[in-house]
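Worksheet: the structure to be examined is printed underneath.
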Amino acid sequence: EGNTLTETETKVVLEDGLTIAGKSLKDHYEASGHGDAFDFIYGLVNQRGFSESDICSVHRIFYHRIDAARAGVYRELPVVISGTEYVPPPASQVAPLMKQLAAKLPEQRAKLHPVVFAAKVHEEVVNVHPFVDGNGRTARLLMNLALIQAGYTPTVIPPVVRSNYLAAVKYIQLHSSDDVQYVNFISCMVYESTKDYLRLLKASR
């Protein structure tokens, strides 16, 4: 959220290891961490599901350059999400809620469509907001882990629909029993990302 690197600049950071003039160090660290976290989740592709430890590892790998002491560690402070009335659970409830979340993943995976399951993983992580920062990115990484394990391509939420994405997340946080709009949005993103992948695959032949 809020990273100012363009797609081209991010590619330069990840592939060439160069820094972009005028862009913050945090932006560079986020891009590098995101790339490392994607490498990690690809290592879990053949694993059936993922654990609470994997969730913390995703955040740790993504966030360790930004704040090593808090990377992969549940928050011990209250957090406020700007632009919404939703209040995440108190810090004392984070660890129990994350254990509960991880424990029910196998059952949810078995009974839900893979895209719906991935959307629910994202939803539950952003609702708990287990870390001081980086919860949205961690949730999207875990959503992609669930999708990739189910045979789908990675899903990107492009900047042009960022406001729609944030609106869908805000709505589901305040109306947890009405997830149609939210799941439809995630499903559309999966569909569009799959189309882009197939288009690139066709062009490469």
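Readers should treat all values here as calculations from the given coordinates under stated rules, not as data from a laboratory. Note that the structure is predicted; figures quoted are calculated from it, not measured. Positions of Cβ are backbone-derived with ideal geometry, glycine not excepted, and every protein chain shown enters the neighbour counts.
For the stretch 81-131, applying the loop criterion from DSSP together with a ceiling of 16 other beta carbons within 10 Å to the GluC sites (Glu not before Pro) yields E85.
Directionally averaged projected area (the stretch 111-205, Cα convex hull): 6.8 nm².
So what's the net charge close to S53: Lys and Arg +1, Asp and Glu -1, counting the other residues with Cβ under 12 Å from its Cβ? With Lys, Arg at +1 and Asp, Glu at -1, the net is 0. So if R0 is 35 Å, what FRET efficiency would H175 and R205 give, r being the distance between their Cβ atoms, rounded to the nearest 0.05? With a Förster radius of 35 Å, E is 0.20. In a simple Cβ point-charge model (Lys, Arg +1; Asp, Glu -1; nothing else charged), the stretch 156-202 has a dipole of about 240 debye relative to its Cα centre. The slack between D196 and A95, meaning 0.36 nm per residue of separation minus the straight C-alpha distance, is 32.6 nm. Checking the Cα-Cα distances for K104/K170; K111/K170; K99/K120; K111/K202 against a 27 Å cut-off, the pairs over it are K111/K202. Within the set of other residues whose C-beta is less than 13 Å from the C-beta of L101, count the net charge using Lys and Arg as +1 and Asp and Glu as -1. That sum, taken over residues with Cβ under 13 Å, equals -1. Projecting the Cα atoms of V161, G134, V121 onto the charge dipole of the stretch 118-174, computed from C-beta unit charges around the Cα centre, puts V161 farthest toward the positive end. Computed from Cα atoms alone, the Kirkwood hydrodynamic radius reported for the stretch 48-203 is 16.2 Å.
Treating r as the C-beta distance of I81 and N46 and R0 as 41 Å, the FRET efficiency rounds to 0.75.
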